[in-house]
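Q: One structure follows; several queries about it will come next.
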Amino acid sequence: MKLLFDENLSRRLVSRLSRLYPGCTHAANVGLIQSPDRQVWEFAKANGMAIVSADADFYELATTMGPPPKVIWLRRWTHTTTDAEDLLRHNAVRISEFERDPGLAVLILDKRVANVKKPVPEFRSEDQERAFWAAEDSTEYAGRGMPRPYIGFGTGRSIRRSTASRG
C-alpha cells in the first residue's frame, strides 16, 4: 500500500517506512503543505494512495465520501515519530488487509492501547496521589499498585461506509 503522510506527521516516516510501504511519501514532498484537505484527498485518490493522518478531518471525509482514497487515522495522536513508526510497522498485516477490502474507508489506529512506558510516580500523600490520578489518564501508566493495562497495538477498528449515506 502506498501511503501519503499528512503534514501533521513527521517527514522522517518516509525514509523509515519506505521498505515496508514502497512508494510512500509526505505531503511536503509533493507540494501539499498547507493545502486544503480536499486537495490532499484528490492527490491521494489520483495516485492510488492511502492518507495517514492524525487529523480527524480525513476521517470525516472518508466516512462522508467513502473510498478511494482510504484513510489510516492515528486517533488521539500526540506521540513521537518513533511511536508512529512502531505503530505502522506492528499493524502492517492489518493495513494490508484493510487495503484489500474495497468496502472499508477508514482504519483507526489508537495509541492509547499501545505499550505503556510511563512508570507510576512516588506519592508523598494520599491527596497527592488522588490529585495526580484526577489529572492523568491511568491507561498511560503501569507499575506499583496499578493494574497493567491491555498491551496491544492499535484498536484496528475499520469503518465501512454506510450504504444508506450513498447518494
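Q: Would you point out which residue out of MET146, MET65 is at pLDDT below 65, out of contact with any Lys or Arg (no Cβ under 6 Å at 6 or more places or on another chain), among the aliphatic types (A, V, I, L, M) and surrounded by 13 or more Cβ atoms within 10 Å (Cβ to Cβ)?
A: Within the list MET146, MET65, the selection yields MET146.
Q: So TRP41 ticks every box in (1) modelled with pLDDT under 90; (2) buried (at least 16 other Cβ atoms within 10 Å of the Cβ) but one. Which box is left unticked?
A: (1)
Q: While we're looking at this one, here's another question. Taking the range 38-83 on its own, how many of its residues are under 17 Å from LYS2 (Cβ atoms), small (Gly, Ala, Ser) and under 13 Å from the mean Cα position of the chain (by Cα)?
A: Count: 2.
Q: Please enumerate the residues belonging to the range 20-38 that are under 26 Å from PRO102 (Cβ atoms) and exposed (fewer than 14 other Cβ atoms within 10 Å of the Cβ).
A: Matches in the range 20-38: PRO22, GLY23, ARG38.
Q: Counting just the residues of the range 1-31 that are assigned to a loop (DSSP other than H, G, I, E, B) and among the basic types (Lys, Arg), which one comes out farthest from ALA92 (Cα to Cα)?
A: Across the range 1-31, the extreme among qualifying residues is ARG11.
Q: In the range 95-120, what residues are in a loop (DSSP other than H, G, I, E, B), surrounded by 13 or more Cβ atoms within 10 Å (Cβ to Cβ) and at pLDDT below 85?
A: ALA114, ASN115, VAL116, VAL120
Q: Separate question: Among all residue pairs at least 6 apart or on different chains, which show Cβ distances below 9 Å where the first residue, located in the range 12-27, is farther than 16 Å from LYS70 by Cα and the second is modelled with pLDDT under 90 and among the acidic types (Asp, Glu)?
A: ARG12/GLU85; LEU13/GLU85; ARG16/GLU85; LEU17/GLU85
Q: Which numbered condition trips up THR155, out of (1) modelled with pLDDT of 50 or more; (2) surrounded by 13 or more Cβ atoms within 10 Å (Cβ to Cβ)?
A: (1)
Q: I would also like to ask the following. From the list ALA56, ALA92, ALA84, which residue is in contact (Cβ under 8 Å) with a residue 12 or more places away in the chain, in contact with a strand residue (DSSP E or B) (Cβ under 9 Å, 6 or more places away or on another chain) and surrounded by fewer than 19 Cβ atoms within 10 Å (Cβ to Cβ)?
A: ALA56
The values are calculated or read from the model by the stated rules, or taken from the named source; none is laboratory data. Computed from a predicted model, the values in this text were never measured in an experiment. A quick note on method: Cβ atoms are made from the backbone with ideal geometry, for glycine too, and the neighbour counts reach across all protein chains shown.
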